[in-house]
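Each remark here refers to the structure printed beneath this line.
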Amino acid sequence: MRPDTETMAERILMIDDDNRLAGMVSDYLGGAGFRLTVAGTAREGEALMKRETFDAIILDLMLPDADGLDLCRRLRATDVPILMLTARGEPMDRVVGLEVGADDYLAKPFEPRELQARLRAILRRKGSAVKSETLRFGRLEIDKGARLVRVDGEERTITSYQFAILLALAERAGRVLSRDALMDLLKGEKLEAFDRSMDVHISRIRAAIEDDPKKPRRILTVRGAGYVFAKDQDR
């Protein structure tokens, strides 16, 4: 019987030119229910990442066509968790590996059971992070990852800029934010074609998420101060 088969359906990409090691890892993780794909070079690994979806990456630091640390930096942009494998076991090498984006670090030689345990750990952390991407306030859901807003499970339409305003308020629920403070928080956001006033944007957001926009319960106006996102909302 495969161990923990009910939790094992993840696709793993292993980038390592050691064929013997890759074969051993493939057999062990395959027996545990993982689906492993092996790439022998950085170029092959990056090509696979563009064509297919993986849940985690096992990356060797020493590759024939690239520096594993440089590759780790590039792969980090995909948000796929990375477990770095290397023959280098010095503390400074581990520190550098983690600093450039690896989620964990395992020195060769290693026990397959430890590899599996560390792989499961980074996958659990990834799952927890995905769950934390959704903010819930009663009947209102704000999905940060998908940039969607739902009320009672029904998607409500707002612009990308308005979503950024709503998220800035919701992440600081209970705090009064002035118009200037909101603008400061949104400096990294792309402005819309017509730079409407903050009041107009708030009005449009209320029209989308409030049961009665004229009597808002989610985004409240504090006269002379700004806006506050209510912590306690409908249930």
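The values are calculated or read from the model by the stated rules, or taken from the named source; none is laboratory data. Every value quoted in this text rests on a predicted model; they were computed, and no experiment measured them.
Looking only at residues of the range 98-116 that are assigned to a loop (DSSP other than H, G, I, E, B) and of a type outside the set (A, V, I, L, M, F, W, C), we find that the one that is nearest to Leu69 (Cα to Cα) is Gly101. Here the condition is being at pLDDT 90 or above and in the same structural domain as Leu167 (by TED's automatic domain parsing); of Glu44, Glu155, Glu111, it holds for Glu155 alone.
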